[in-house]
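Participant: Handing you this structure, nothing more for now.
Derivation of every value follows stated rules applied to the coordinates shown; laboratory data play no part. Because the structure is a prediction, the values reported are computed rather than measured. All Cβ positions, glycine included, derive from the backbone under ideal geometry; neighbour counts span all protein chains shown.
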Amino acid sequence: MKKLLVLLSVVVMLVISLALPAHMVSAKVIRTDVVMTFAGFVPVASPEINVTPGGMTILRGAINNVYYTATDARLQGWCTMVQNQNIRPDGSAQGFGTWVNHPDAYPGGYWQGEFTASRDADGLMHVKMTGKGYGDLAGLFFSGSLENYTFGPIVGVITQNPTYSP
């Protein structure tokens, strides 16, 4: 009787193991290097401008539509940027703002993110930007930076985290 019970247990475990999915899941973060190049802009709204008694110029809410070409179609297109700056009398500045990019090749998707920026008295800019994809670009993340005297290039990476759908 014991032997029959053990044999029956083994058979039941074998049947259950065959009924369960037995595929392996491989998860890997996909990283794609990308370079974005400034290709022009259209001013949308002028900023509110205030000057402090110490001579600092404070700009808030400048809105520009900026067109970027990119080495990855998921980022090439028009980008609306809302920009804020504190400009010191020597020309150096700190800035921050938000951006929304609508890639030409992905009409059902867009990016939304934030940036911080600084400029030294000689005009060298340092910009860090991050963003997240939505719609057709959901699940993607962008991180980029710029160090230049002009508005480009922005060198970054698109990251796609692994997903699992049984």
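Participant: Collect residues whose amide H, placed 1.01 Å from N in the peptide plane, falls under 5 Å from the amide H of Leu137; neighbours closer than 5 in sequence don't count.
Facilitator: Close amide H contacts, sequence-distant or interchain: Tyr110.
Participant: Now for a different question. Under 5 Å between amide H atoms, partner at least 5 residues away or on a different chain: which partners does Asn148 have, H built in plane at 1.01 Å?
Facilitator: Counting only residues 5 or more places away or on other chains, the set is Met125.
Participant: Here's something else I'd like to know. Order by neighbour count: Trp99, Trp111, Trp78, fewest other Cβ atoms within 10 Å first, most last. Write down the numbers at each step before the final one.
Facilitator: Values: Trp99 20, Trp111 26, Trp78 16.
Placing the least packed residue first, the sequence is Trp78, Trp99, Trp111.
Participant: Roughly how many nanometres apart are two label points built 7 Å out from the Cα toward the Cβ at Thr163 and Ala138?
Facilitator: The answer from the label model is 0.7 nm.
Participant: Full-extension gain between Tyr67 and Arg88, please, as 0.36 nm times their residue separation minus the C-alpha to C-alpha distance. Don't jump to the answer; show the numbers that get you there.
Facilitator: Details: separation 21, 0.36 × 21 = 7.56 nm, distance 2.81 nm.
Result for the pair: 4.7 nm of gain on full extension.
Participant: OK, next. Using Cβ contacts closer than 10 Å as the measure, can you line up Ile154, Ile87 from fewest to most?
Facilitator: Working: Ile154 23, Ile87 18.
With the sparsest Cβ surroundings first, the list reads Ile87, Ile154.
Participant: Please report how far the C-alpha centroid of region 86-165 lies from that of region 47-76, rounded to the nearest whole angstrom.
Facilitator: Between the Cα centre of region 86-165 and that of region 47-76, the gap is 12 Å.
Participant: Of Pro43, Thr159, Ala93, which is farthest on the positive side of the dipole of region 23-165, counting Cα position, with +1 on Lys and Arg Cβ, -1 on Asp and Glu Cβ, and the Cα centre as origin?
Facilitator: Looking along the dipole axis, the top candidate is Thr159.
Participant: State to the nearest 20 debye the size of the charge dipole of region 30-160 about its Cα centre, where the only charges are +1 on K and R beta carbons and -1 on D and E beta carbons.
Facilitator: Values: 7 positive and 10 negative charges, 39 e Å.
Around 180 debye, computed over region 30-160.
Participant: Another question, if that's okay. Relative to the Cα centre, what is the charge dipole magnitude of region 41-117, using +1 at the beta carbon of each Lys and Arg, -1 at the beta carbon of each Asp and Glu, and rounding to the nearest 20 debye? The partial results should precede the final answer.
Facilitator: On the way: 3 positive and 5 negative charges, 18 e Å.
The calculation lands at about 80 debye.
Participant: Also, quick follow-up: In nm, what is the difference between 0.36 nm times the number of residues separating Thr98 and Thr32 and their Cα-Cα distance? Intermediate results must be reported in sequence, preceding the final value.
Facilitator: Details: separation 66, 0.36 × 66 = 23.76 nm, distance 2.26 nm.
Taking 0.36 nm per residue and subtracting the Cα distance, the gain is 21.5 nm.
Participant: Among Val34, Val51, which comes first, second and so on when ranked by fewest other beta-carbon atoms within 10 Å?
Facilitator: Details: Val34 20, Val51 11.
Ordered by Cβ neighbours within 10 Å, fewest first: Val51, Val34.
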